[in-house]
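Accompanying notes for the structure given below.
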There are 2 protein chains.
Amino acid sequence: MNIGEAAKASGVSAKMIRYYEATGLIPKAERRTSGYRDYSPADVHNLRFIRRARDMGFAVAEIHELLGLWRDRSRHSADVKRIAAAHVEELSVRIAAMEEMRSTLQTLIGCCAGDDRPDCPILADLEEPGVAVRPDAQARLRERAIANRRG
Amino acid sequence: MNIGEAAKASGVSAKMIRYYEATGLIPKAERRTSGYRDYSPADVHNLRFIRRARDMGFAVAEIHELLGLWRDRSRHSADVKRIAAAHVEELSVRIAAMEEMRSTLQTLIGCCAGDDRPDCPILADLEEPGVAVRPDAQARLRERAIANRRG
DNA sequence: GATGGGGCTTGCCATCATGGGAAGGTCAAG
DNA sequence: CTTGACCTTCCCATGATGGCAAGCCCCATC
């Protein structure tokens, strides 16, 4: 199987398959005499696992761990569960941050006439926070914005 | 005011102040004879606006627009409202994507014994989606994961 | 057998906002 | 005058992904 066929069959782009190989997430592919990479159904199976894990929002580093456990027949399901739970926790932190942003903005939008006059509580709040939002909410917003940017 | 003082007063790191200047988000700072940048309270005011907008999750390009409207005394509040509403919509899309990931994972985690045995529905689902998640949910998950990665 | 189009190779660049670090100039306090 | 803290510019890295370009390979069609 060419890389293009493997890409179509797995849902992972050819570009990303090469990237995963270069970064060691997957082993180096077999090569034909032409230099073309050659993939087996088992390779595609691997790639589909990766694709699915990406769809769940796992980072490549986490997928590396998950792949190791997947291959390890003497794994402990507790190890898998721990990784998944950590990821859920991270998702929750980011969701909370974004929900807080959204809530703040929705409040401000609700106060904005949205007409051809210049008066705008949205700009007013950006200029001087607290006109429309309570101070304690601001502090949390700030912290979570930072956490979210990192994650 | 030195850049370090402006950074402390605005909550924007010195590094980012230089970056914003280089990319044209803020005008080039005045310089002392030594070559040091020199900031006025008005500059700090600008930076705090930017900082606050970043905390709300606005991208720098959006902040560029917002700054323009902020300066424009003949602005229409409708323009500000439109930008904010678009951002809320984008946040909503990303929140929905992450909530779906989280929900799927939570279901799987709930089915995982988390002990020293290898059997693991989490790995099973990554390997062969649908064992624990309905197919229509998978399709949405996939699409939203893509949208989320882009955003 | 030649030719053309599509697929493959590598390598480099860009994204977006942010931090890190090095090499060298400046300032202020002791 | 020295020392340490601050400033300057420039380069590099992040994470996962796409794009582009030069050049090679494969297959089908003429």
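The values are calculated or read from the model by the stated rules, or taken from the named source; none is laboratory data. Fair warning: this is a prediction, and the values are worked out from it, not measured in the lab. As a convention, Cβ positions derive from the backbone with ideal geometry for all residues, glycine included, and neighbour counts pool all protein chains shown.
In segment A:106-121, the residues that are surrounded by fewer than 19 Cβ atoms within 10 Å (Cβ to Cβ) reach residues that are of a type in the set (Asp, Glu) and not in a helix (DSSP H, G or I) with C-beta atoms within less than 9 angstrom, at least six apart or across chains, in these pairs: A:Ala113/A:Asp119; A:Pro118/B:Asp72. Among the criteria (1) touching a Pro at 6+ places or on another chain (Cβ under 9 Å); (2) away from DNA strand C (no atom under 16 Å from the Cβ), the one A:Ala9 does not fulfil is (2). Entry remark, segment A:89-105: residues being closer than 25 Å to B:Pro129 by Cβ, without any contact (Cβ under 8 Å) to a residue 12 or more places away in the chain and crowded, with 19+ Cβ neighbours inside 10 Å number 1 in total. Here is the figure for segment A:20-44: residues that are aliphatic (A, V, I, L, M) and within 14 Å of DNA strand C (Cβ to nearest atom) total 4. Scanning segment A:15-25 for residues that are more than 13 Å from DNA strand D (Cβ to nearest atom) and at pLDDT 95 or above turns up nothing.
Could you say whether any residue in segment B:45-68 is within 7 Å of chain A (Cβ to nearest Cβ), away from DNA strand C (no atom under 13 Å from the Cβ) and farther than 17 Å from B:Ile26 by Cα? No, segment B:45-68 contains no residue that is within 7 Å of chain A (Cβ to nearest Cβ), away from DNA strand C (no atom under 13 Å from the Cβ) and farther than 17 Å from B:Ile26 by Cα. Within segment B:59-80, can one find any residue that is within 16 Å of DNA strand D (Cβ to nearest atom) and over 17 Å from B:Ser10 (Cα atoms)? Yes. Considering only residues in segment B:26-40 that are more than 12 Å from DNA strand D (Cβ to nearest atom) and in contact (Cβ under 8 Å) with a residue 24 or more places away in the chain, the one that is nearest to B:Ala61 (Cα to Cα) turns out to be B:Ile26. Candidates in segment B:90-132 are the residues that are in a loop (DSSP other than H, G, I, E, B) and among the charged types (D, E, K, R); of these, the one that is farthest from the other protein chains (Cβ to nearest Cβ) is B:Glu128.
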